[in-house]
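Quick notes on the structure that follows.
What follows is calculated from the coordinates using simple rules that are stated; it is not laboratory data. The model shown is predicted, which means the values in this text are computed figures rather than measured ones. Cβ atoms come from the backbone with ideal geometry, glycine included; neighbour counts cover every protein chain shown.
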Amino acid sequence: MSEDGQLWLDEESGPLVRPYAMVHGRTRPARPELDVATQLLTSWSGADRSGISVEHEEILRLCVRPMSIAEVAAHLDTPIVVAKVLVSDLIDRGDLVTDKASRQAQRPNRQLLEAVLEGVRRL
């Protein structure tokens, strides 16, 4: 958006701000464990929200209910990698939380799987 409040938009080509500009040229998220299905939720920890981009603000608004990174990317109309970079920024700031803990709790224990495999082999 320009200083006079006009949207930088070319009707035929779309927004004039390219995705790499939104993430300051970064092409990899700080958190490589994020995938398209990772669920996000805004953390209302009262953290200072000054200095974040419009896209970051939009992500925080979208994630007041659980939302996947794929959904965030679709709402922002950006590539997945751009959404991952923006989301990583917000997680690092403490403004977003993920479902990582719940996903790890659902993973089966290696010893349990080995015991099941051994039982099957005995049959």
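Net charge within 9 Å of Lys84 by Cβ-Cβ distance, Lys/Arg positive one each and Asp/Glu negative one each, not counting Lys84 itself?
+1
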Please work out the FRET efficiency for the pair Leu41 and Ala74, using the Cβ-Cβ distance as r and a Förster radius of 25 Å; give the result to the nearest 0.05.
-> 0.90
Checking rank on 61-67, 115-121, 90-96, with mean other Cβ inside 10 Å and highest first, the result is 90-96, 61-67, 115-121
